[in-house]
Amino acid sequence: MILENKLKHDTNYILECCVDSVESALAAKEGGADRLELCSNLVIGGTSPSLALFRQIREHTDIRIHVLLRPRFGDFLYTGHELSIIEKEIRMFREAGAEGIVIGCLKSDGSLDCDAMSRLIDHAGQMSITLHRAFDMCKEPLHALEEAKSLGIHTILTSGCQPSCLEGIDLLGQLSECADGKISIMAGAGINSNAVQALLEKTSITAFHMSGKKIRESQMQFRNPTVSMGIPGMSEYEIWETDSAEIASVRKLLPKG
């Protein structure tokens, strides 16, 4: 089995937790996460976090932090102004001590925008570079993988171009083999203990990305039922946070290298 072969070689398994609050960051650390992907607005797929949030987490834990840099909700076809914003954010978080950035830019034809990616990578210095799930929106993922290698990207976060990692497991396995040890393929979307067990058995993937969310009920006593401040249909009185037990249930499946 693939899992048995990997265990013979002291593989370095990585569990990354995506968080958008201090509370979730601390829960992820407690559950055994190796690093954080820090963002804001996780409920809409994540946007760039504030520097204040980064610093507050840094005050309370030394866990490795990779910062998602996404100036808005929506596609990954960015204007010149948006790329300039991302460049400034890269410099800001690099100077603040973040260990990595998580970025992704596409062209209108569904190909990876290598020029834009190279422009952003140049600002990152020695930071680790993750290509996020913009990869899953690429027209030709295997070609995008080769381009990511040539750009010097360290990690690709992907669900195998499907809504969840289990639905994309065949492509994830293919990507992991084609990566040939030159870039890390990190499986995301729907990661839990059952999904990780399947990925360990059927692929050579050793990096996993999850949020482990649970819903915490608001402590507000007065509630106005007629006004929505956010996305229609979503409760104003449910707060999504990382559950340390969910993180721990996955961490225990991943041997320490």
Relative contact order computed over the chain (Cα-Cα under 8 Å; 6+ residues apart), in percent: 22
With every protein chain left in place, what is the accessible area per residue of the range 179-224 in square angstrom, probe 1.4 Å? 52
In debye to the nearest 20, the charge dipole size for the range 27-179, taken about the Cα centre with +1 at each Lys and Arg Cβ and -1 at each Asp and Glu Cβ, equals 480
For the chain, using Cα atoms only, the Rg and Dmax in Å read 18.2, 59
When the Karplus curve 6.51 cos²θ - 1.76 cosθ + 1.60 is applied with θ = phi - 60°, which whole-Hz ³J(HN,Hα) does each residue of the range 193-200 get, with x for Gly and Pro? 4, 5, 5, 5, 4, 5, 5, 5
Rounded to one decimal in Å, the inverse mean reciprocal Cα-Cα distance for the range 106-244, i.e. its Kirkwood radius, is 17.1
Can you check what the net charge comes to around residue 188, using other residues whose Cβ is under 11 Å from the Cβ of residue 188 (Lys, Arg +1; Asp, Glu -1)? -2
Keeping the other protein chains in place, figure out the carbon and sulfur percent of the accessible area of the range 31-139, with a 1.4 Å probe. 49
So, with +1 on the Cβ of K and R and -1 on the Cβ of D and E, and no other charges, what is the size of the charge dipole of the range 52-117 about its Cα centre, to the nearest 20 debye? 220
For residue 65, which sequence-distant residues (separation of 5 or more, or a different chain) have an amide H within less than 5 Å of its own amide H, given hydrogens modelled in the peptide plane? 36, 99, 100
Apply the Karplus curve 6.51 cos²θ - 1.76 cosθ + 1.60, θ = phi - 60°, to the phi angles in the range 101-113 and return the couplings in whole Hz, x for Gly and Pro. 10, 10, 9, x, 9, 10, 8, 5, 8, x, 8, 5, 7
Among 32, 191, 144, which residue has its Cα furthest toward the positive end of the charge dipole of the chain, with +1 on Lys/Arg Cβ and -1 on Asp/Glu Cβ? 32
Would you work out which of 166, 244, 80 lies farthest towards the positive end of the dipole of the chain? Charges go on Cβ: Lys and Arg +1, Asp and Glu -1. 244
Under a 10 Å cutoff between Cα atoms, tell me which one of 223, 35, 119 has the largest fluctuation in the Gaussian network model of the chain. 223
Please list 3J(HN,Hα) in residue order for the range 56-69, calculated via the Karplus relation 6.51 cos²θ - 1.76 cosθ + 1.60 where θ = phi - 60°; whole Hz, with x for glycine and proline. 5, 5, 4, 5, 10, 7, 9, 4, 4, 10, 9, 9, 6, 10
Could you tell me which of rounded, prolate or oblate describes the range 1-118, using a ≥ b ≥ c as the square roots of the eigenvalues of the alpha-carbon gyration tensor, with rounded for a/c under 1.5 and, failing that, prolate when a/b is larger than b/c and oblate otherwise? oblate
Let's see if you can work this out: charge +1 on each Lys and Arg Cβ, -1 on each Asp and Glu Cβ, no other charges. What is the dipole magnitude of the chain about its Cα centre, in debye to the nearest 20? 380
How much FRET efficiency would the formula 1/(1 + (r/R0)^6) give for residue 151 and residue 52, where r is the Cβ-Cβ distance and R0 is 22 Å, rounded to 0.05? 0.10
Please check the chain for the longest run free of chymotrypsin sites (Phe, Trp or Tyr not before Pro) that are loop-located per DSSP (anything but H, G, I, E, B) and have at most 14 other Cβ atoms within 10 Å. 74-221
20 Å Cα-Cα reach of residue 213 towards lysines, excluding residues that sit fewer than 8 places from it in its own chain: 29, 252
Dipole of the chain [Lys/Arg +1, Asp/Glu -1 at C-beta], most positive-end residue of 108, 92, 69: 92
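The values are calculated or read from the model by the stated rules, or taken from the named source; none is laboratory data. Computed from a predicted model, the values in this text were never measured in an experiment. Cβ: placed from backbone, ideal geometry, glycine included. Neighbour counts: every protein chain shown. Just the protein is used for accessible areas: all its heavy atoms, side chains included, with ligands, DNA and RNA removed. Shrake-Rupley method; radii C 1.70, N 1.55, O 1.52, S 1.80 Å.
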